[in-house]
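Here is the structure we will look at, set down as structure tokens.
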Amino acid sequence: MKKISLCVALTLVLLSSSMQTQAHVTLGFTTSPGPQSSSFAISDLGGSLRNLDFGNLSITIADDSGTTISELIGAQIVIGSALIDLSTENLIATFGMTSIYSYDLTAATSVNGFSIVLGGNTILEADLYFNSLVTVGKSGSIDPEINYSFGNVALNTTGLTAGTIAYLSQYISGADMVLSLASDSLNMYAGLHGTQTFHGVVGGTAAPIPEPFMYLFMGWGVVMLYTVRKVNSKCK
């Protein structure tokens, strides 16, 4: 019985650690409702350069394993503008009438290029890492330069509720982020190669990367799995 209890105890510990490391934490944001100035704008700077201004963004999702962090809903997201270099245009693939192109973004790192503003106060600020813009028809997506999209995170938790502080603290080691663009009218290729500014909506999601100790915790889980197997063999 003692051996069986030990097998069960070790298995429960491993399952518990697995559940903790797989906690679902998501930040979602999109173009704020309002005039055209809220949307993204891509404008001609002359030559091969185009400026991408992300417009006004607001948080629509702040989810922590099924719990909504209501204090953050509606908070402003500020993303620094990026420069698109058309001279780096690369045709990736063509499917019928649809072509996929990529373009380098000239400023790979935007210092303090990502922030969350609540009630006029910046509560999270981070460096933003860009790599390329990939376009498909009217749509585009921003590819992160490295395995996380923002890092060097600083928090200002003054006046925030305990739940909001705990939520934001999960982003302290950086985040994986996806940014997507959808043009209001023009095909992205046509818009980029024209001289008129064109607009559209932005959508984004971010999920925190594990803190360094979590990698050790996950490694410990692998060791535990090996131990469980060894104990289980003795339990038979």
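Only the coordinates and a few stated rules stand behind these numbers; no lab work does. Note that the structure is a prediction, hence the values are computed from the model and not measured. Positions of Cβ are backbone-derived with ideal geometry, glycine not excepted, and every protein chain shown enters the neighbour counts.
Using per-residue counts of other Cβ atoms within 10 Å, averaged over each peptide, order 54-60, 152-158, 136-142 from highest down.
My ranking of the peptides, most packed first, is 54-60, 136-142, 152-158.
Treat the count of other C-beta atoms within 10 Å as a stand-in for reagent exposure and order GLU89, GLU71 from fewest to most.
Ordered by Cβ neighbours within 10 Å, fewest first: GLU89, GLU71.
Going by C-beta contacts inside 10 Å, put ASP143, ASP64 in order with the fewest on the left.
Taking fewest neighbouring Cβ atoms as first place, the list is ASP143, ASP64.
Suppose each label sits 7 Å from its Cα in the direction of the beta carbon; what would the ILE172-ASN152 distance come out to in nanometres?
If labels sit at ILE172 and ASN152, their model points lie 1.9 nm apart.
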